[in-house]
Structure formats: C-alpha cells, structure tokens
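The values are calculated or read from the model by the stated rules, or taken from the named source; none is laboratory data. Every value quoted in this text rests on a predicted model; they were computed, and no experiment measured them. Methodologically, a virtual Cβ is constructed for each residue, glycine included, from the backbone with ideal geometry; neighbour enumeration extends over all protein chains shown. To get the accessible areas, we keep the full protein, side chains included, count just its heavy atoms, and leave off ligands, DNA and RNA. Shrake-Rupley method; radii C 1.70, N 1.55, O 1.52, S 1.80 Å.
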Amino acid sequence: MKQIDSNIPAGPLADKWRNHKAAIKVVSPANKRKLDIIIVGTGLGGASAAASLADLGYNVKVFCISDSPRRAHSIAAQGGINAAKNYQNDNDSVYRLFYDTIKGGDYRAREANVYRLAEVSGSIIDQCVAQGVPFARDYGGLLDNRSFGGAQVSRTFYAKGQTGQQLLLGAYAALNKGIARGNIKSYVRHEMLDVVIVDGKARGIIVRNLVTGEIERHGAHAVVLATGGYGNVFFLSTNAMNSNGSAAWQAYKKGALFANPCFTQIHPTCIPVHGDQQSKLTLMSESLRNDGRIWVPKKKEDVEKLRKKQIKASQIAEEDRDYYLERRYPAFGNLVPRDVASRAAKERCDAGFGVNETGLAVFLDFSTAINRLGQKTIEARYGNLFQMYEKITDVNPYEEPMMIYPAVHYTMGGLWVDYNLMTNIPGLYAIGEANFSDHGANRLGASALMQGLADGYFILPYTIGDYLSKEITSPKVNINTAEFEEAEKAVKAKVEKLFSIKGKKTVDELHKELGHIMWDLVGMARNEKGLEQAIERIKALRNEFWTNVYVPGTNSSFNPEIEKALRLADFLELGEVMAYDAYNRNESCGGHFREEFQTEEGEAQRDDANYTYVACWEYTGEGQKPELNKEPLNFEFIKVAQRNYKE
Ligand SMILES: Cc1cc2nc3c(=O)[nH]c(=O)nc-3n(C[C@H](O)[C@H](O)[C@H](O)COP(=O)(O)OP(=O)(O)OC[C@H]3O[C@@H](n4cnc5c(N)ncnc54)[C@H](O)[C@@H]3O)c2cc1C
C-alpha cells in the first residue's frame, strides 16, 4: 500500500496556485546549467515543457518515436483549445471554466488542479499568439471563438480544423530555438523502454534506437513523461497509429501508481467502422456540433429504406426526424458533453434506428446551418473536415448529412501525479494526456490541448524547480551503475524473447483480438459479468501472445513489427488493469458506464458515498492482481450534484 499525498496547497481555491508558487523554491541560473532533464515525448505537452525548461536554462534531452518532433500525435487535434478569456462577452470566467470542467468530468477530478488549469488558460492563448499561431479572428481582428460540448459559452480558440498542428508548430519552433542554442538535444526515432530508478529517484531511461535497434542509456536529474494516451489498447481508435501506453506502463511496473485506468473517452462524432481490414478510425471534430444537428429517423420504415439505399437522408421530411439530443437535453442540445452524446447515439442505434447497413450510425446534418448561413460560411469554418469526410466516404456532406458513430478517442486515466505533476516516484513527472489529472471521468472537448500546454508552459516549469532545488549538488548521473545495467539487460532480453517466439500470429492479429475484447466488454457499456470475462480472456490472449506471436525481420534494422510487439505486450497488461478498475467501480460516471448503475432515463448514476476517489493501482508483480490505493476527492468549493444538461 502506498502513501498518497496529493500535495494540494492549503487556502482558498483561487489563491492556492499563487500561494504555492510563492512558497516553492527556485533554482538560480548558474545552478540550472548544471541540471539535466529528460523529456520523453514531443507532443504539445512535451514540446512546450522542453522549450520552457530550456529557456529557463536547464539542459534538456528530448525523445520521440517519430522522425521529427513535430509529427507527434498532437498535430491531429482539430477543433480547438479552451480558455476563459470572455472575448465573446458571454459571461465566461475562470470560475465558469472550472465549474464546467469539474461537472463535465462528473465530479471525479481534483478541484485544485482544475481551478489552476482554468486560471492559466488565458496565458496559453497569449503565449501561442506571441509565437505566431494563426488563430481564427473575427472581422474586427479579435480572436474568434466557437462552442464546444458541456459549455454554454463560446470559449474555444481555433485555427480552422487544424488547431493541434498550428499549436505544435509554435511549440516546435520554440523547441528548435533551444536546439540551436545548444541546451536541447533531440533524439528522434528513439523509444523509451524503461525508466531507471536509483535510490528511489528517477535517474534515467533506457531507449531503443528505432533505426539501428541499439539500446542506449540516458541519465538525468529528473525525467518527464509526456508520452500521450493509451486509447490504442482498443486497436481501433482516433489516435495516431503509433500512440501507445508503454512509457507510462513501464513507469507503473517500476512503482508509479496508475490512476483511473478505466476512464476512457468515447467520442460521439467519428466516421463509422466500415470493415475488418481497417486499422484506424477518423474523428469528425466536435466543432462540427456548433452547426451540425444530430438525428435519426422517427420511423422504422425510413430506417429500412435508408439501409437498403432506397432513399437518401435529405428526402426524409423535417417532421419525421428525431433530433434526439435537442429533444432530450434542451438546454445544451447538440452540445452536450461527449459521454452523454455517445450514449445517446448508442441508445438510438440499440433501439434499431441506426442509419447505415450495420445499424451503427446516426446523422450529423448541416442543412439547417447551410440554409441559414450559406455554404461559403460553413466551408470557411470546416472546409478541411468536410473535404476529409468526402475523401473517406465519397459522400458530399454539403448535400447529404455525415454519418457518424462513437469511437475511442482519449484516455482520462494515466499516471497518478500530485499537484506538482510528480508521480509517486520522486523526480518522475507526467504531463499531458499521459497523466490522469484534471478531466475526471470525462474530458470536455478542447480541454486536452489546454491541459497539455498548461502543464508544459505554465505548471511544470515552476514545480520541477522546487524538486531540482534539492539536486543542485548532485553530480551528473552515472549511467554505468548496476541499476542501469539491470534495466538495459531486461530490455534486451524482452526484445530477444519476442524475436525468438516465431509463432503463427502477427502482432496486428493479436492486437485486433484484444481490441474486440476491450470494445465489447470494457467499452462504451460495461457490466460485472462482462468484465470478469474480459479479465480471463485478456489473460489467455496474453499467454497466446508470448507463445504464438510472429515478429519478422531482425533487431538491427528499422523494424516496425518489433516496435508494435513491444507496445502490444504492454497493452495486454494494461487492458487487464483497465478491466479491474472498471470492475471495482460499482457506479457509472462520465465515460465509465456500468449498465447496472443507471437512472430510469438511462443516465450515469454515480455513487458518491463510496466512489468519490481516484483509483490508484499499484503493480504487485507479473500476472498478479494489482493493489488498489485510494486518493479521496474532497469538494470544498463546489456543490456536488447530479449532472444536468436538460435545464
Ligand atoms: C483526432 C484527434 C483530434 C483531437 N482534437 C482535439 C482538439 O481539438 N482539442 C483538444 O483539446 N484535444 C484534441 N484531441 C486530444 C489531444 O490531441 C491530445 O490529447 C493531445 O494532443 C495529447 O498531447 P500529448 O503531448 O500529451 O501527447 P501526444 O501528442 O500523443 O505526444 C506523445 C509523444 O510521446 C512520444 N512517445 C510516446 N511513447 C514514447 C516512448 N515510449 N518513447 C519515446 N517517445 C514516446 C511520441 O512520439 C510523441 O512525441 C484530439 C485527439 C485526436 C485523436
């Protein structure tokens, strides 16, 4: 059992961060030059942290698995980034953003962290504008905003449908400044395969050079994991194909707690699955729900005709359409949070109203907005998304509604961190999607970019200084020690073992099987029996993997199959812990929907008396059931209530 201390500062909510910053230690410029920091990951979390820490004067080594830092998964982000600037004068405020985020997360996030996130959100926009990020502007030149789910104000800043890419270009330019100045060293195509702990502190990592297969050791005074989320445990997701949970998982196996692993976000507006040979799902941004209306036919006859392609959606009369989100949630309509919108789509499809051949699709329709605003306006707002949709489906969404269905998108769970973003292993930090903080059981749209950049630009640069102030007399980390030797040996043995199995199934075949188990039993709806089955089936699949996987090629050249095999080995353990977590949580909250716990109207039913805590799982050994530790969540400043998006 671990001692859990979230290190939340005392005092009134609005003063906590300011008081904390005043109380923590700083490192002098001369001492910063002597300190080394490893950052794993160059998405918005990692790139912003690397640039900021290097600007402060630390020596930074930054690692990523892609061929350039700017190809991190963050470039996929489409819709936007939230900030409480109140540019629309629609009564937004730090408090309102905080409130929406806590409520959106179904009261399963820490108040202090979320308030801080809302507080620094405005600075993120200023920082990015200063970097030259081309946010959309209104006719007067002010930055424009649109609405995202779970909010009744417009606070989402955007750059067409490419917000992540533009933000990452800004962070990447700042990162390059550090590289040119000489205090950032960038290692591309290098994958971290283990974290090295010396005397209880994180002191380095073991990486594999993905081009040569060589295993390397790197030491530092602190290690920051910014390695993204683990949604690809489901095989099919909207994540980049090489997104993975391995770095976080290795940290877990070295003693870091893994928090709320079962909290997965299923995004309501993705292009539906179209076959067995598919390896990726495509998101249609939530921003589309500003102008798109979601519906299915009211009459089963129309559904049948649609499925047989006897009619088109545009031929169904207005009065025969069921705009079910507007019907069920009048106050928020199509802009309810993702978990609510996803469940409502599933409910309609389960009731037999799904509009494609598989019965697993609903319409996202722009005809009302096109009639009101004209096609040109819609094109200016979402042109690239419409083009992407047409390329994939061969349907012109200006003429016929898009077909969409929920898909795995984001993981709210991740490495447990305290208020300082440090895991329970001293010197090991986790930022961005890799940590669990801030989003509770459901993340609101446009909040991931906000959190990643808040962590990297405005939180970690302060809090890591407090830890490093105690390291100023520590010499450079010696990588020729027993701890590094042992970690390197274990990594080499794992790689060799995988090549030696020479079984009959490919990594992808086994990964797909895991994906089916996860989606069917640990997906959008879960129940006790299904979760018991999932645990048994994952165990069996893991055994099959270790005896029957086939990894072609060799270790000494670029070999994506061994990369995938190493990641799948970790997913096969992580998936099981996700199932344990979902099994343990006898309530429904946010994206975690246990069928046994729902209201009469099919909404998530929380059990605040018994489950108002962060579930922190502790590794107990290979194949062993992990141990549950609990961090109680105390709500001092907000009234915990049943989420209501109807009024
Ligand atoms: C299609 C899509 C659209 C989205 N749109 C939005 C949006 O509009 N607004 C919003 O707020 N959020 C959005 N999100 C979510 C958001 O994009 C992500 O949560 C966020 O970008 C994650 O950033 P990150 O820095 O934590 O990780 P990532 O961007 O995933 O970066 C992870 C980094 O870690 C590296 N890495 C991983 N493992 C290793 C390892 N073992 N060794 C070395 N390096 C490693 C990778 O190479 C990469 O550099 C979207 C997500 C998707 C999938």
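Within the stretch 489-524, can you find the residues that are part of a loop (DSSP other than H, G, I, E, B), surrounded by fewer than 20 Cβ atoms within 10 Å (Cβ to Cβ) and within 28 Å of the chain's Cα centre (by Cα)? Spell out the reasoning first.
In the first step, residues of the stretch 489-524 are kept if they are part of a loop (DSSP other than H, G, I, E, B); the result is 502-504, 506, 523-524.
Retained after the next criterion (residues that are surrounded by fewer than 20 Cβ atoms within 10 Å (Cβ to Cβ)): 502-504, 506, 524.
Of everything in the stretch 489-524, those that are part of a loop (DSSP other than H, G, I, E, B), surrounded by fewer than 20 Cβ atoms within 10 Å (Cβ to Cβ) and within 28 Å of the chain's Cα centre (by Cα) turn out to be Thr506, Met524.
If you go through the stretch 40-84 and keep only what is under 22 Å from Thr411 (Cα atoms) and of a type in the set (S, T, N, Q), you end up with Thr42, Ser48, Ser66, Ser74, Gln78, Asn82. Being modelled with pLDDT of 95 or more, within 24 Å of Asn420 (Cα to Cα) and surrounded by fewer than 20 Cβ atoms within 10 Å (Cβ to Cβ) holds for only one residue in Tyr107, Tyr95, and it is Tyr95.
Yes or no, residue by residue, for (1) in contact (Cβ under 8 Å) with a residue 12 or more places away in the chain; (2) small (Gly, Ala, Ser); (3) surrounded by 24 or more Cβ atoms within 10 Å (Cβ to Cβ); (4) near the ligand (Cβ under 10 Å from one of its atoms):
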| position | (1), (2), (3), (4) |
| --- | --- |
| Tyr419 | yes, no, no, no |
| Ile425 | yes, no, no, no |
| Tyr429 | yes, no, yes, no |
| Ala434 | yes, yes, yes, yes |
| Leu444 | yes, no, yes, yes |
| Thr463 | yes, no, no, no |
| Asp466 | yes, no, no, no |
| Glu471 | yes, no, no, no |
| Val477 | yes, no, no, no |
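Has the stretch 397-404 got at least one residue that is under 19 Å from the mean Cα position of the chain (by Cα), crowded, with 20+ Cβ neighbours inside 10 Å, part of a strand (DSSP E or B) and of a type in the set (A, V, I, L, M, F, W, C)?
Of all residues in the stretch 397-404, those under 19 Å from the mean Cα position of the chain (by Cα) come to none.
Within the stretch 397-404, none of the residues are under 19 Å from the mean Cα position of the chain (by Cα), crowded, with 20+ Cβ neighbours inside 10 Å, part of a strand (DSSP E or B) and of a type in the set (A, V, I, L, M, F, W, C).
Residues in the stretch 155-174 that are of a type in the set (Val, Ile, Thr) and either within 14 Å of Gly46 (Cβ to Cβ) or touching a Lys or Arg at 6+ places or on another chain (Cβ under 8 Å) (or both): Thr156 alone.
Check Lys25, Lys61 and return the single one that is away from the ligand (no atom under 12 Å from the Cβ) and among the basic types (Lys, Arg).
Just a single option satisfies the conditions, and that option is Lys25.
What residue, of Leu56, Leu44, is within 16 Å of the ligand (Cβ to nearest atom) and in contact (Cβ under 8 Å) with a residue 24 or more places away in the chain? Lay out the reasoning, then the answer.
Numbers: Leu56 fails: within 16 Å of the ligand (Cβ to nearest atom).
So the residue among Leu56, Leu44 that is within 16 Å of the ligand (Cβ to nearest atom) and in contact (Cβ under 8 Å) with a residue 24 or more places away in the chain is Leu44.
Assess whether Gly164 counts as being over 30 Å from Asn7 (Cα atoms) and of a type in the set (Gly, Ala, Ser). So Gly164 passes the test. Can you find a residue that is open to solvent by less than 30 Å² (accessible area, probe 1.4 Å), modelled with pLDDT under 95 and hydrophobic (A, V, I, L, M, F, W, C) anywhere in the stretch 592-603? No: zero hits.
Being among the small types (Gly, Ala, Ser), within 24 Å of Asn584 (Cβ to Cβ) and either within 8 Å of the ligand (Cβ to nearest atom) or open to solvent by 10 Å² or more (accessible area, probe 1.4 Å) (or both) narrows it down to one of Ser285, Ser237, Ser243, Ser279, so name that one. Full working, then the answer.
Values: Ser285 fails: within 24 Å of Asn584 (Cβ to Cβ); Ser243 fails: within 24 Å of Asn584 (Cβ to Cβ); Ser279 fails: within 24 Å of Asn584 (Cβ to Cβ).
Sole residue among the options that is among the small types (Gly, Ala, Ser), within 24 Å of Asn584 (Cβ to Cβ) and either within 8 Å of the ligand (Cβ to nearest atom) or open to solvent by 10 Å² or more (accessible area, probe 1.4 Å) (or both): Ser237.
Do we find that Ala248 is more than 9 Å from the ligand (Cβ to nearest atom), within 26 Å of Trp617 (Cβ to Cβ) and at pLDDT 95 or above in this structure? Break it down stepwise before answering.
Values: more than 9 Å from the ligand (Cβ to nearest atom): no; within 26 Å of Trp617 (Cβ to Cβ): yes; at pLDDT 95 or above: yes.
No; evaluated as a whole, the condition is false for this residue.
Applying the set (1) part of a loop (DSSP other than H, G, I, E, B); (2) among the small types (Gly, Ala, Ser); (3) at pLDDT 95 or above; (4) open to solvent by less than 10 Å² (accessible area, probe 1.4 Å) to Gly456 leaves exactly one unmet item: (1).
Every residue in the stretch 82-95 that is within 16 Å of the ligand (Cβ to nearest atom) and more than 16 Å from Val114 (Cβ to Cβ), please. Spell out the reasoning first.
Of the stretch 82-95, the ones within 16 Å of the ligand (Cβ to nearest atom) are 82-85.
Selection gives Lys85 alone.
Scanning the stretch 143-166 for residues that are at pLDDT 95 or above, part of a strand (DSSP E or B) and in contact with a helix residue (DSSP H, G or I) (Cβ under 6 Å, 6 or more places away or on another chain) gives a single hit, Phe157.
For the stretch 15-42, a residue qualifies if it is farther than 30 Å from Gly164 by Cβ and either small (Gly, Ala, Ser) or buried (at least 22 other Cβ atoms within 10 Å of the Cβ) (or both), and the qualifying residues are Ala22, Ala23, Val27, Ser28, Ala30, Leu35.
Does Ala151 satisfy the criteria of being of a type in the set (A, V, I, L, M, F, W, C), under 28 Å from Gly414 (Cα atoms), in contact with a strand residue (DSSP E or B) (Cβ under 9 Å, 6 or more places away or on another chain) and within 15 Å of the ligand (Cβ to nearest atom)? Against the criterion (of a type in the set (A, V, I, L, M, F, W, C), under 28 Å from Gly414 (Cα atoms), in contact with a strand residue (DSSP E or B) (Cβ under 9 Å, 6 or more places away or on another chain) and within 15 Å of the ligand (Cβ to nearest atom)), Ala151 qualifies. Just one of the listed residues (Ser66, Ser6) is surrounded by fewer than 24 Cβ atoms within 10 Å (Cβ to Cβ), assigned to a loop (DSSP other than H, G, I, E, B) and within 9 Å of the ligand (Cβ to nearest atom), and it is Ser66. Asn527 meets all of the listed conditions (1) without any contact (Cβ under 8 Å) to a residue 60 or more places away in the chain; (2) more than 30 Å from Val27 (Cβ to Cβ); (3) surrounded by fewer than 20 Cβ atoms within 10 Å (Cβ to Cβ) but one, namely (1). For the stretch 370-396, a residue qualifies if it is under 30 Å from Met518 (Cα atoms) and surrounded by 21 or more Cβ atoms within 10 Å (Cβ to Cβ), and the qualifying residues are Leu385, Tyr389. For the subset of the stretch 69-81 comprising residues that are in a helix (DSSP H, G or I) and near the ligand (Cβ under 7 Å from one of its atoms), which member is surrounded by the fewest Cβ atoms within 10 Å (Cβ to Cβ)? It comes out as Ala76.
Just checking, how many residues over the stretch 530-558 are open to solvent by 10 Å² or more (accessible area, probe 1.4 Å) and assigned to a loop (DSSP other than H, G, I, E, B)? Summing the residues that are open to solvent by 10 Å² or more (accessible area, probe 1.4 Å) and assigned to a loop (DSSP other than H, G, I, E, B) in the stretch 530-558 gives 8.
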